[in-house]
Amino acid sequence: MAKTVYLDDEDRKLLSETKQKLDEATKLMSELMETIEILSDPKMMKAISQGQEDIKAGRVKELRLDLSFPKTNA
């Protein structure tokens, strides 16, 4: 037998806040899993280490991306 439940404004607010917290926790777990995958990949860690060494040794160039478009005379 189905029961009907009525929610007041406070209940709705609590449910909304709980959903937001669960969404945040899900995003955090996804980020943590990605971090673990990177840390567990020896090739990836070697590439990161080599990149850091290149930065320290000055073997990198600064990349600037100019997204401004020249104005045209119509």
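The values are calculated or read from the model by the stated rules, or taken from the named source; none is laboratory data. For clarity, every value in this text was computed on a predicted model and none was experimentally measured. A quick note on method: Cβ atoms are made from the backbone with ideal geometry, for glycine too, and the neighbour counts reach across all protein chains shown.
Structural remarks
- Scanning region 39-61 for residues that are outside any helix (DSSP H, G or I) and over 24 Å from the mean Cα position of the chain (by Cα) yields a total of 4.
- Which listed residue is among the hydroxyl-bearing types (S, T, Y) and modelled with pLDDT of 95 or more, from T4, T26, T72: T26
- Residue count, region 1-38 (criterion: surrounded by fewer than 10 Cβ atoms within 10 Å (Cβ to Cβ) and either outside any helix (DSSP H, G or I) or in contact with a Leu (Cβ under 9 Å, 6 or more places away or on another chain) (or both)): 7
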